[in-house]
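Some notes on the structure that comes next.
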Amino acid sequence: SSASTAITCFTRGLDLQKEIEDVLCPANCPLWQFYVFGDGVYASLSSVCGAAIHRGVITSAGGAVRVQTLPGQENYPAVNANGIQSQVLARWASSFSVTRTKNIALEAVGRSISTARPSTGKRPKKPLEKKAGNKDCKADIAFLIDGSYNIGQRRFNLQKNFVGKVAVMLGIGTEGPHVGVVQASEHPKIEFYLKNFTAAKDVLFAIKELGFRGGNSNTGKALKHTAQKFFSLENGARKGIPKIIVVFLDGWPSDDIEEAGIVAREFGVNVFIVSVAKPTTEELGMVQDIAFVDKAVCRNNGFFSYQMPTWFGTTKYVKPLVQKLCSHEQMLCSKTCYNSVNIGFLIDGSSSVGDSNFRLVLEFISNVAKAFEISDIGSKIATVQFTYEQRTEFGFTDYTTKEKVLSAIQNIRYMSGGTATGDAISFTTRSVFGPMKDGPNKNFLVVLTDGQSYDDVRGPAAAAQKAGITVFSVGVAWAPVDDLKDMASEPRESHTFFTREFTGLEQMVPDIIRGICKDFLDSKQ
């Protein structure tokens with residue numbers, strides 16, 4: 001049997017090439033982020049690992065799965081199983097099933113882990129491959145090392161050795177991880193940037209050459225400085241790749257680290273803290289804030305904090321840290337399309353829609369909103385209903401949790417009246433998106449209408465796009481395709497959607513989500 005292919009938590013059925021493929025799912029995928037459609041037979045839009053957990057083939061500890069491609073079908077059902085709620089999908093072009101693999105689990109696990117070690121001379125070394133680095137671990141990493149009097153010269157050298165080992169095991173290369181180093185002491189000093197070296201031996205040499213600075217361990221000051229200054233494009237940060245700061249702390253920080261943690265999260269940086277020699281009971285009185293680790297890390301969920309008892313004998317701690325840094329899907333603080341967009345829905349409430357169809361529109365909006373990570377620092381949702389008048393149902397800052405947004409959508413009351421889409425777009429651009437203009441999120445407007453507008457839509461839509469809003473138009477029944485295209489952003493084909501019946505909205509959900517994510521990524525390139 002051939003070895004399994006290692007995949008990520010988010011690899012979908014349609015991302016696999018072969019008819020039957022043995023894959024290896026990672027451990028600890030976040031269950032709530034899985035998209036799964038169907039039960040037993042899954043739409044190929046579904047996450048493979050999500051489907052495998054849903055089916056009971058593996059647990060959240062990951063493992064080997066055999067994926068078989070199947071033809072498309074209609075009416076994929078929604079079933080709750082093993083902590084995952086699968087979703088309904090009316091039809092999809094292809095499907096897959098998941099089963100346990102035969103006797104290859106151990107071999108595959110062994111093989112996938114051993115890729116981190118140098119090959120034992122079975123293959124001739126390819127100089128090119130080495131330079132590309134470990135492509136499965138794309139990350140831009142700043143090692144924030146402790147250069148304070150706390151650590152002292154001797155332990156500072158041990159720390160450098162440890163950082164060097166981590167850097168080598170990461171598999172640095174042009175297409176793999178890039179690293180830089182910042183030294184925290186009285187004043188932070190950026191020792192080298194991401195762009196300076198892309199080969200492990202050069203990074204190793206640069207780390208060996210670092211001089212000890214001494215002074216107070218102003219870790220908070222250094223963390224804030226690194227989050228704000230280190231990851232600029234001119235200093236070598238790459239777009240769409242997770243930004244990570246690994247903070248090494250001997251003892252405890254001599255300044256406030258909480259505010260620096262907030263700044264890092266706002267900049268989309270994932271902060272890890274590696275603490276060595278935790279404060280003893282006698283020393284705790286000297287620590288400003290005992291919970292300093294929890295307040296600085298990306299999320300206080302145990303994943304982002306790492307402890308080593310001393311700087312001696314640290315080799316066994318290298319690999320587990322590298323595995324964390326390469327767990328792309330666990331980087332919850334990265335800016336992704338799911339946590340960095342504002343989506344405004346402009347809903348036609350005219351009398352031609354009717355009450356039961358209006359509920360289908362609300363269902364559609366809920367299903368799109370569900371895909372996004374809604375929070376005060378994440379994505380935000382707003383809705384406006386229009387006839388000849390406009391009514392803001394809720395603005396971007398009214399609800400900051402997914403539950404509250406979904407319940408607010410269900411509580412929208414149907415207005416009934418005429419159709420003035422142009423006016424409604426102008427109103428939404430001004431009143432709903434206006435206050436968000438200088439925020440960090442990318443702005444999207446989804447216009448849903450079932451008929452001809454009584455006013456001009458082209459001018460207001462152009463003004464919205466000029467204000468930095470990407471417009472998707474979704475037409476139902478009698479909505480003229482010319483109007484829909486006039487409203488949509490370029491390229492118009494991929495921003496215009498149409499269905500004869502309101503029941504057809506449901507199938508558009510994945511396409512709208514994917515369209516938003518594609519535009520988000522394109523804007524970051």
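The values are calculated or read from the model by the stated rules, or taken from the named source; none is laboratory data. Note that this is a predicted model, so its numbers are computed, not measured. Every residue, glycine among them, receives a Cβ derived from its backbone with ideal geometry; neighbour counts consider all protein chains shown. Calculation scope for accessible area: heavy atoms of the full protein, side chains included, ligands and nucleic acids excluded. Shrake-Rupley method; radii C 1.70, N 1.55, O 1.52, S 1.80 Å.
Quick notes on this structure:
- Simple rule: put +1 on each Lys or Arg Cβ and -1 on each Asp or Glu Cβ in the stretch 398-525, find the dipole, and look at Ile409, Ser494, Leu505; the Cα lying farthest toward the positive end is Ile409.
- Separation between Cα centres of the stretch 214-265 and the stretch 295-354, rounded to whole Å: 16
- Per-residue extension of 0.36 nm, minus the Cα-Cα distance of Glu266 and Lys18, leaves a gain of 85.2 nm for this segment.
- Dipole magnitude of the chain about its Cα centre (Cβ charges: Lys, Arg +1; Asp, Glu -1), debye to nearest 20: 2580
- 27 Å Cα-Cα threshold exceeded, pairs from Lys18/Lys138; Lys224/Lys466; Lys160/Lys319; Lys201/Lys335: Lys224/Lys466; Lys201/Lys335
- A Förster radius of 30 Å, combined with the Cβ-Cβ distance separating Lys316 from Lys131, puts the computed FRET efficiency at roughly 0.55.
- Cα gyration tensor category, rounded, prolate or oblate, for the stretch 185-284 with a/c compared to 1.5: oblate
- Spin-label pair Ala467/Thr397, simplified geometry with 7 Å Cα→Cβ offset, distance in nm: 1.6
- Theoretical FRET efficiency, 1/(1+(r/R0)^6), r = Cβ-Cβ of Glu389 and Lys437, R0 41 Å, to 0.05: 0.95
- Based on protein heavy atoms only, the chain ends up with 45 Å² per residue of surface accessible to a 1.4 Å probe.
- Heavy-atom accessible area with a 1.4 Å probe sorts Met331, Met169, largest first, into Met169, Met331.
- Computing FRET efficiency as 1/(1 + (r/R0)^6) for Ala199 and Gln73, where r is the C-beta to C-beta distance and R0 is 30 Å, gives about 0.05.
- Shape index of the stretch 140-334: Rg/Rh, with Rg the Cα radius of gyration and Rh the Kirkwood radius from the inverse mean 1/r over Cα pairs, equals 0.92.
- Multiplying the residue separation of Asp522 and Lys278 by 0.36 nm and subtracting their alpha-carbon distance yields 83.5 nm.
- Were the residues from Lys189 through Thr503 laid out at 0.36 nm apart, the gain over their Cα-Cα distance would be 107.1 nm.
- Computed on protein heavy atoms with a 1.4 Å probe, the accessible areas place Ser86, Ser375, Ser356 in the order Ser356, Ser375, Ser86, largest first.
- The modelled label-to-label distance between Asp456 and Glu259, using points 7 Å beyond Cα along the C-beta direction, is 5.0 nm.
- Separation between Cα centres of the stretch 401-475 and the stretch 30-105, rounded to whole Å: 35
- Here the label points at Arg299 and Asp376, each 7 Å from Cα along the C-beta direction, are separated by 1.8 nm in the simple model.
- Computed with every protein chain present, the accessible area of Asp486 is close to 30 Å² [probe 1.4 Å].
- Heavy atoms of Arg514: accessible area, 1.4 Å probe, square angstrom to 10: 90
- The stretch 5-100 has equivalent-ellipsoid semi-axes of 18, 16, 10 Å, by the square roots of 5 times the alpha carbon gyration tensor eigenvalues, sorted largest first.
- Rounded if a/c under 1.5, otherwise prolate or oblate - the stretch 15-68, Cα gyration tensor axes: oblate
- Sulfur and carbon atoms: percent of accessible area, the stretch 341-523 [1.4 Å]: 50
- Accessible surface, 1.4 Å probe, highest first, among residues Tyr76, Tyr454, Tyr306: Tyr454, Tyr306, Tyr76
- Carbon-plus-sulfur accessible fraction, the stretch 4-57 (probe radius 1.4 Å, protein heavy atoms only): 50%.
- Looking at the stretch 341-523, the pairs of alpha carbons with a distance over 30 Å make up 7% of the total.
- Here the translational diffusion coefficient of the stretch 344-400 follows from Stokes-Einstein with Rh set to the Kirkwood radius across Cα pairs; for 10 °C and 1.306 mPa s it amounts to 130 µm²/s.
- Residue among Gly468, Pro77, Gly211 farthest towards the positive dipole end of the chain, charges placed on Cβ: Gly211
- For Lys442, the accessible surface of its heavy atoms amounts to roughly 50 Å² (probe 1.4 Å, protein chains only, rounded to the nearest 10).
- For the chain, none of the cysteines stands unpaired, since each has another cysteine beta carbon under 4.7 Å from its own.
- A P(r) calculated from all alpha carbon pairs of the chain, with 10 Å bins opening at zero, reads 4, 17, 24, 23, 19, 11, 4, 0 percent.
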